[in-house]
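Below is one structure, written out as structure tokens; the observations come after it.
What follows is calculated from the coordinates using simple rules that are stated; it is not laboratory data. Source: prediction; values computed, not measured. Note: ideal-geometry Cβ built from the backbone for every residue, glycine included; neighbour counts use all protein chains shown.
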Amino acid sequence: MEIESTQHEHLQVMRLDGRLDEQGAPILQAAFDETVPRGVTQCVLDFAGVDYISSVGIRALLLGTKQLQEAGGKAVLAGLSPALRQFFQMSGLSTIFTIHSSVEEALDANRPSGNVEGD
């Protein structure tokens, strides 16, 4: 698992690449542990590069999301493959997470309203 983090306006985008399993889960948890104390509370997790998630990976995802929520924020998911999207729906995890088709869609949906500059 590799994670590349970038700032997009008011959101942190974490691009996940690889398997979110026993080896990948600690990497995701470390990314949350590093991000939340810096004051980042809004994250988009880009799953386009994830082809597998285990129960250990789900636990890391839930714990990281809890960290964000305790800081007054949230995590949204984007780019899930059809198989992962179906898994999230069948397991009920889609009721916990907001899921978008792409990072661009997630950024648009989570853009603050009323912040038009230059008027």
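The table that follows gives values for the structure above.
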read-out	value
Pairwise label distance in nanometres, S55 with I96, each label 7 Å out on the Cα-Cβ vector	1.3
Potential lengthening between E70 and H8 on full extension [0.36 nm per residue; Cα-Cα distance subtracted]	20.1 nm
Residue-averaged 222 nm ellipticity for the chain, from DSSP H runs of 4+ at -39500 (n - 2.57), nearest 500	-11000 deg cm²/dmol
Normalised contact order of region 12-62, rounded percent, pairs of Cα under 8 Å and 6 or more residues apart	63
Relative contact order (%) - criterion: Cα under 8 Å, at least six apart; region: the chain	24
Restricting region 1-49 to GluC sites (Glu not before Pro) in coil, as DSSP defines it, with at most 13 other Cβ within 10 Å	E9, E22
About the Cα centre, charge dipole magnitude for region 2-106 (Lys/Arg +1, Asp/Glu -1 at Cβ), debye	340
Fraction of beta bridges assigned by DSSP in region 2-106 that are antiparallel (%, nearest 5)	30
Reciprocal mean inverse distance between Cα atoms of the chain - Kirkwood radius, Å	14.4
Dipole of the chain, positive direction: furthest Cα of L62, L11, P26, with charges on the beta-carbon	L62
